[in-house]
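K.L.:
Mind having a look at this structure? Questions to follow.
The values are calculated or read from the model by the stated rules, or taken from the named source; none is laboratory data. As the structure is a computational prediction, the values presented were derived from the model and not from experiment. Counting neighbours? That spans all protein chains shown, and the Cβs are built from the backbone with ideal geometry, glycine included. Just the protein is used for accessible areas: all its heavy atoms, side chains included, with ligands, DNA and RNA removed. Shrake-Rupley method; radii C 1.70, N 1.55, O 1.52, S 1.80 Å.
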Amino acid sequence: MINTHDILETINMIDNENLDVRTITMGISLLDCIDSDIHKACTKVYDKICSYAENLVKTGEDISREYGIPIVNKRIAVTPIAMLAGACPTTSPVHFAKALDRAAQTVGVNFIGGYSALVHKGFGPGDYGLIESIPEALSETGFVCSSVNIGSTKAGINMDAVKKMGQIVKAAAELTADRDCIGAAKLVVFCNAPEDNPFMAGAFHGAGEPDCVINVGVSGPGVVRAAIAKAAPTDDITAIADIIKKTAFKITRMGQLVAQEASRRLCVPFGIVDLSLAPTPAIGDSVADILEGMGLEQCGAHGTTAALALLNDAVKKGGVMASSHVGGLSGAFIPVSEDQGMIAAAKSGALTLNKLEAMTAVCSVGLDMIVVPGDVTPEIISGIIADEAAIGMVNSKTTAVRLIPAIGRKAGEELNFGGLLGKGPIMDINTKSPAIFVNRGGRIPAPLQSLKN
Amino acid sequence: MKAVVTVICKDMVGILAKISAICADKGANVLEVTQSIMQDMFAMIMMIDISTCNVPFSALTEEFEKVGDQLGLKIHVMHEDVFNSMHRI
């Protein structure tokens, strides 16, 4: 018999602590849509997505209704489009972006990811053209998300790509300056990008994945925050880690249930559950609040990195036993504009870009949803990308950069994206130039850690 | 297959009757009911068997939501699997 306490606890988590399944993401391989005629290829892409994902949104809504669990997003990740674009080098790959956008609209998903290129060791056919087209693609579509992998522990860091991405991030913001620079918010630059990540904007369907797969991203910072709030001030830090583990276990079990059910109903294999704590702009649904709940006056204070390391590790330990396959990014996200506590800490000056960079060494992703002054140079953006990629490369972990240059605005002002992307204060950056370093190009050799065989 | 129905609202006459009438109408057998009144708040947890239901589970949920909206009740209907997954190893 299910006991009353368990029932009330679950309902309280959903009603008051923002417990939800953040996303059901269907990964679809588009490798069989490759065609040297881009228009034929786009038709194949559109048809395949619409046929595979026809029932994705309805199934998500049905599961949500029947199980009483909010499922916030239904999304699609596809094969990196550069792999398709390579077959039709004379035409702009933006046609693919528009086909993806139309397909997303038809099936009713929130986002579609995979306007991507993997260039960690160098540019293959289609890669450079696709990267150059990203600003236009993001400006002319509403649902398409883009990512570029510029480094890995095995390959090192492609500094030519790092240099290019500095320009692309800036251009993506400039082209959408009239819409709060939203283009740059849909573009992630990765090191060690996972092939099965269900979270946007960095989701794509890796080449090693099956034809179609269901990945689920759970959430629940609010639940962890509430659980820690119940701890006594005298509880030691091991007790806090245990509370987080137990809570992460419960959250992940719910994600696993939804993933299995979605997989069964859609007749698509279950891929992974991503154990990430993904904050939302809702009050209380904040990773910063968890860190403050552990005893920091404000997120960004000295001690923040240690608290985040503990949180990230405990979430994994709790979650890993709750799911049969764990993957994706799996850890705590720290997107500034999507987290009320981070926004407050950035506004008050407690949280700086330097501190965030240190935090990314121990958390799941990287410098995420950070708004920087509009006059930032492409070289400085490249410098930030290189630093972040180096952290990922050396620590054998995923790191990412999603910076939004606020065109025409300065530090202290704000950009408002609305919805889950939230709003972000413009943060100060170090304006000393890394131009000569960035312009050298070439490849940072893979670190010693890559030699594991 | 079982589902858990929880109702939280200001106490008034006929809550249990309304909820159980829906169950009866849709063919869901009521297996267990726990209820308590804390000050003037009514809280009830009902376990129902949905395998005998004559409508899909989602339609049953909608029915409960409709009544909830009409009477200002906070009703949750959740499949038992949610609790079994979250609270059992």
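K.L.:
Amide H to amide H, which residues 5 or more places from A:M427 or on other chains are under 5 Å from it, using H placed in the peptide plane?
P.N.:
A:V371, A:V372
K.L.:
For A:S92 and A:L448 in the same chain, what is the full-extension length gain: residue separation times 0.36 nm, less their Cα-Cα distance, in nm?
P.N.:
Residue separation times 0.36 nm, minus the Cα-Cα distance, leaves 124.3 nm.
K.L.:
Using heavy-atom solvent-accessible surface (probe 1.4 Å) with all chains present, what is the largest-first order of A:L84, A:L296?
P.N.:
Largest accessible area first, the residues go A:L296, A:L84.
K.L.:
Average partner chain C-beta neighbours within 10 Å, per residue of A:203-216? Mind dumping the intermediate values first?
P.N.:
Details: counts 0, 0, 0, 0, 0, 0, 0, 0, 0, 0, 0, 0, 0, 0.
Mean shielding count: 0.
K.L.:
Let me ask something else. Hand me the trypsin sites (Lys or Arg not before Pro) from the range B:24-89 located in a DSSP loop with no more than 16 other Cβ atoms within 10 Å, in residue order please.
P.N.:
Sparse-neighbourhood loop trypsin sites (Lys or Arg not before Pro): B:R88.
K.L.:
Of A:V21, A:S51, B:Q35, whose Cα points farthest to the positive end of the dipole of the protein assembly as shown (charges on the beta-carbon: +1 Lys, Arg; -1 Asp, Glu; origin at the Cα centre)?
P.N.:
Of the listed residues, the answer is A:S51.
K.L.:
Also: Explain nothing, just the number: dipole magnitude of the range A:1-112 about its Cα centre with +1 on each Lys and Arg Cβ and -1 on each Asp and Glu Cβ, in debye rounded to the nearest 20.
P.N.:
That gives a dipole near 560 debye.
K.L.:
Now a separate question. Please give the average number of partner chain Cβ atoms lying within 10 Å of the Cβ of each residue in B:6-12, rounded to a whole number.
P.N.:
1
K.L.:
Give the average, rounded to an integer, of partner chain Cβ atoms located within 10 angstrom of each Cβ in B:53-60. Walk me through the intermediate numbers first.
P.N.:
On the way: counts 0, 0, 0, 3, 4, 6, 1, 2.
Taking all residues of B:53-60 together, the mean is 2.
K.L.:
Would you please put A:25-34, B:32-41, B:12-21 in order of how densely packed they are, using the mean number of other Cβ atoms within 10 angstrom per residue and starting with the highest?
P.N.:
Result, highest mean Cβ count within 10 Å first: A:25-34, B:12-21, B:32-41.
K.L.:
Let me check against my output: what whole-number percent is the relative contact order of chain B, with C-alpha pairs under 8 Å and at least 6 apart?
P.N.:
About 41 percent, as a whole number.
K.L.:
Also, I was wondering about something else. Cβ neighbours within 10 Å, averaged per peptide: list A:317-324, A:209-216 in order, most packed at the top. It would help to have the intermediate numbers written out before the result.
P.N.:
Working: A:317-324: 19.5, A:209-216: 21.2.
Highest-to-lowest ranking by the protection proxy: A:209-216, A:317-324.
K.L.:
Now for a different question. Mind checking how much accessible area A and B bury in total, 1.4 Å probe, in Å² rounded to 100?
P.N.:
Working: alone 17280 and 5660 Å², together 20590 Å².
It comes to approximately 2400 Å² buried between A and B.
K.L.:
Restricting the count to DSSP beta bridges whose residues both fall in chain A, what percent are antiparallel, rounded to a multiple of 5? Could you put the intermediate results ahead of the total?
P.N.:
Values: 17 of 51 bridges.
The antiparallel proportion sits near 35 percent.
K.L.:
Using modelled backbone amide H atoms (1.01 Å from N, in-plane), which distant-in-sequence or interchain residues come within less than 5 Å of A:G328's amide H?
P.N.:
Counting only residues 5 or more places away or on other chains, the set is A:D196.
K.L.:
Here's another thing I want to ask about it. Using a loss threshold of 20 Å², tell me which positions in the range A:1-21 are less accessible in the complex than in their chain alone. Probe radius 1.4 Å, ligands and nucleic acids ignored.
P.N.:
A:M1, A:I2, A:T4, A:D6, A:I7, A:L8, A:T10, A:I11, A:D15
K.L.:
While we're on this one: Per-residue HN-Hα couplings for the range B:43-56, Karplus 6.51 cos²θ - 1.76 cosθ + 1.60 at θ = phi - 60°, whole Hz, x for Gly and Pro?
P.N.:
10, 9, 10, 10, 9, 10, 8, 9, 6, 9, 4, 9, 10, x
K.L.:
Continuing with the same structure: Among A:L257, A:H120, A:P194, flag the residue with its Cα farthest along the positive direction of the charge dipole of the protein assembly as shown, charges on Cβ as +1 for Lys/Arg and -1 for Asp/Glu.
P.N.:
So the residue furthest toward the plus end is A:H120.
K.L.:
Which number gives the lysine pairs in the range B:2-87 that have C-alpha atoms under 13 Å apart and are eight or more places apart or on different chains?
P.N.:
4
K.L.:
Also, I was wondering about something else. Using amide H atoms built 1.01 Å from N in the peptide plane, name the residues 5+ places from A:S116, or on other chains, whose amide H lies under 5 Å from its own.
P.N.:
Those lying under 5 Å, H to H, from A:S116 are A:I81, A:A82, A:S147.
K.L.:
Test of understanding: what is the full-extension gain from A:E297 to A:N354, defined as 0.36 nm times their sequence separation minus their Cα-Cα distance?
P.N.:
18.7 nm is the gain from fully extending A:E297 to A:N354.
K.L.:
Please get the size of the charge dipole for chain B, origin at its Cα centre, with Cβ charges of +1 on Lys and Arg and -1 on Asp and Glu, quoted in debye to the nearest 20. Show your work: numbers first, answer last.
P.N.:
Details: 7 positive and 11 negative charges, 15 e Å.
Around 80 debye, computed over chain B.
K.L.:
Report the FRET efficiency, 1/(1 + (r/R0)^6), for A:H325 and A:T106, where r is their Cβ-Cβ distance and R0 is 35 Å, rounded to 0.05.
P.N.:
Approximately 0.75, to the nearest 0.05.
K.L.:
Another question, then. I'd like the residues of the range B:69-89 whose 1.4 Å-probe accessible area shrinks by no less than 40 Å² going from the isolated chain to the full set of protein chains.
P.N.:
Residues passing the criterion (a loss of at least 40 Å², heavy atoms only) are B:H76, B:M78, B:V82, B:F83, B:S85, B:M86, B:H87, B:R88, B:I89.
K.L.:
What is the percent carbon and sulfur in the accessible area of chain A, measuring with a 1.4 Å probe over the protein chains and ignoring ligands?
P.N.:
52
K.L.:
Can you give the relative contact order of the range A:217-450 as a percent, counting alpha carbon pairs under 8 Å and 6+ residues apart? Provide the component values of the computation, followed by the final result.
P.N.:
Details: 450 pairs, mean separation 44.7, N = 234.
Once normalised by length, the contact order is 19 percent.
K.L.:
Follow-up question, since we're still on this one. Over chain A, calculate the relative contact order: mean separation of alpha carbon pairs under 8 Å at least 6 apart, over the residue count, as a percent.
P.N.:
On the way: 1122 pairs, mean separation 79.7, N = 453.
This gives 18 percent for chain A.
K.L.:
Over the range A:23-191, what portion of Cα pair distances is larger than 29 Å, expressed as a whole percent?
P.N.:
Of all Cα-Cα distances in the range A:23-191, 20 percent exceed 29 Å.
K.L.:
Let me ask something else about it. Report the accessible area of A:T91, computed with a 1.4 Å probe over the heavy atoms of all protein chains in place, in Å² rounded to the nearest 10.
P.N.:
50
K.L.:
Another one. Write down the accessible area per residue of the range A:231-364 in Å², having rolled a 1.4 Å probe over the full set of protein chains. List each step's numbers first, then the result.
P.N.:
Values: 4820 Å² over 134 residues.
Each residue of the range A:231-364 exposes 36 Å² on average to a 1.4 Å probe.
K.L.:
Per residue, how big is the convex hull around the C-alpha atoms of chain A? Give it to me in cubic angstrom, could you?
P.N.:
Cα-based convex hull of chain A, divided per residue, equals 136 Å³.
K.L.:
With the crude spin-label approximation of a point 7 Å out along Cα→Cβ, what separation in nm comes out for A:E132 versus A:T43?
P.N.:
So the two model labels end up 2.8 nm from each other.
K.L.:
Averaging over all projection directions, find the projected area of the Cα convex hull of the range B:2-87 and quote it in nm² with one decimal place.
P.N.:
That works out to 5.5 nm².
K.L.:
Something else now. Which helices count as membrane-span-like in chain A under these terms: full DSSP H, at least 27 Å along the axis by C-alpha, Kyte-Doolittle mean of 0.0 or more?
P.N.:
A:237-266
K.L.:
Whole-Hz ³J(HN,Hα) for each residue in the range A:430-435, computed from phi via Karplus 6.51 cos²θ - 1.76 cosθ + 1.60 with θ = phi - 60°, x for glycine and proline: what do you get?
P.N.:
6, 9, 5, 8, x, 4
K.L.:
At a cut-off of 30 Å², which residues of the range A:249-270 become less accessible once all protein chains are present than in their chain alone, using a 1.4 Å probe?
P.N.:
Residues shielded by partner chains are A:F249, A:K250, A:R253, A:L257.
K.L.:
How many nm separate the modelled label positions at A:A207 and B:Q39, each set 7 Å beyond the Cα in the direction of the Cβ?
P.N.:
For A:A207 paired with B:Q39, the spin-label model returns 6.4 nm.
K.L.:
Kindly rank A:328-336, A:186-194 from highest to lowest mean number of other beta carbons found within 10 Å of each residue.
P.N.:
Ranking the peptides A:328-336, A:186-194 by packing returns A:186-194, A:328-336.
K.L.:
If you don't mind, another one. Round to a whole number: what % of the accessible area of the range B:2-87 belongs to carbon and sulfur, probe 1.4 Å?
P.N.:
Ligands and nucleic acids excluded, carbon and sulfur give 53 percent.
K.L.:
Per residue, how much accessible area does the range A:16-112 have with a 1.4 Å probe, in Å²?
P.N.:
Counting only protein heavy atoms, the per-residue value for the range A:16-112 is 35 Å².
K.L.:
Between A:N55 and A:V394, what is the label-to-label distance in nm when each label sits 7 Å out along the Cα-to-Cβ direction?
P.N.:
5.1
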